[in-house]
1. Using the structure shown, select from K12/K108; K70/K123; K91/K178; K43/K95; K113/K178; K21/K227 the pairs with a Cα to Cα distance greater than 28 angstrom.
2. Using amide H atoms built in the peptide plane, which far-off residues or other-chain residues are under 5 Å from G80 H to H?
3. Could you give the semi-axes, largest first, of the ellipsoid that matches segment 1-108, computed as the square roots of 5 times the alpha carbon gyration tensor eigenvalues and rounded to whole Å?
4. Need the full-extension length gain, E99 to K11, defined as separation in residues times 0.36 nm minus the C-alpha distance. One decimal, nm.
5. Please list log₁₀ I(q)/I(0) at q = 0.08, 0.09 Å⁻¹ for the chain, using the Debye equation with identical point scatterers on the alpha-carbon positions.
6. In a GNM of the chain with a 10 Å cut-off on Cα contacts, which of E148, E171, E220 has the highest mean-square fluctuation?
7. Subtracting the Cα-Cα distance from 0.36 nm times the residue separation, let me have the gained length for D239 to E194 in nm, one decimal.
8. Dipole size in debye (nearest 20) for the chain around its Cα centre, Lys and Arg Cβ +1, Asp and Glu Cβ -1?
Amino acid sequence: MGNIIEVRDLKKKYGKHEAVKGVTFSVARGEVFGILGPNGAGKTTTLEMMETLLSITSGTVEIDGVDVAKDPRAVQKMIGVQLQSTAFLEKLTLKDQLELFAGVNGVKVNVEKLLKDFDLVAKKDEFPENLSGGQRQRFSIATAIVHEPKVIFLDEPTTGLDPQARRNLWELVQTIKKQGITVILTTHYMDEAELLCDRVAMMDGGKILTINTPKKLIKELLGRGFKKAQVVEQANLEDVFIDLTGKDLRE
């Protein structure tokens, strides 16, 4: 399948401060690729350069062979972006907004099917301000894929969600992957990254420290002699929560 994203020696400077320090990585077509790191690691800055939202100081980003800096409009047509905080149009229903986004991108979309896929069909005539946190996140992702992008960027999509909504978002990401869309994901939840990501890049101080599959990174850590008290549990408190309250979304 080959790589759909190539990032080479990517840098971002703000005056004398270098926020991203020569980042290089590639992403395979159809892969879920996680970029992980503490606050201030350079994750969001890296993503915003890839998404054409931020100018590149030096280095290159290519998405499906198109240079982000040289042809940002072409890149914008092939990517979808779900941000941590998304501002929707007020007093325009979900159905109308999706039709508007599709029209702006010059595509036709089956709005009813898209809303059904995201468990939002019952809310099609609602305004975004009336949605719960989980519903807003799902609608944000729906708007990001309305034009059938090749790559979608998800920036901490489950932050602040309850366990049902969080697991529902996990299923959505897996569904998006099955559609052949490449997913770039940032999250502070390591269990989420371990479950969803084919590979992860660990960032800190504007640099990538390592890239590999979650399983191989864990194996490498153990190989370096890492040990912790082993308590094998068949379930955790979140499993108890889901079992007692159900998997259905409460919105």
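1. Details: K12/K108 37 Å; K70/K123 40 Å; K91/K178 33 Å; K43/K95 33 Å; K113/K178 17 Å; K21/K227 32 Å.
The pairs that break the limit, which is 28 Å between Cα atoms, are K12/K108; K70/K123; K91/K178; K43/K95; K21/K227.
2. V151, I152, F153
3. Values: eigenvalues 149, 64, 37 Å².
Rounded to whole Å, the semi-axes are 27, 18, 14.
4. Numbers: separation 88, 0.36 × 88 = 31.68 nm, distance 3.72 nm.
Difference between extended and current length: 28.0 nm.
5. At q = 0.08, 0.09 Å⁻¹ the computed log10 ratios are -0.34, -0.43.
6. Looking only at E148, E171, E220, the biggest GNM fluctuation is shown by E220.
7. Details: separation 45, 0.36 × 45 = 16.20 nm, distance 1.69 nm.
So the chain would gain 14.5 nm between D239 and E194.
8. Charge dipole, the chain, about its Cα centre: 780 debye, nearest 20.
The values are calculated or read from the model by the stated rules, or taken from the named source; none is laboratory data. Computed from a prediction, not measured in an experiment: that's the story for all the values here. Here the Cβ is made from the backbone with ideal geometry for all residues, glycine too, and neighbour counts use every protein chain on show. Please note that ligands, DNA and RNA were not included when accessible areas were found on the heavy atoms of the full protein model with its side chains. Shrake-Rupley method; radii C 1.70, N 1.55, O 1.52, S 1.80 Å.
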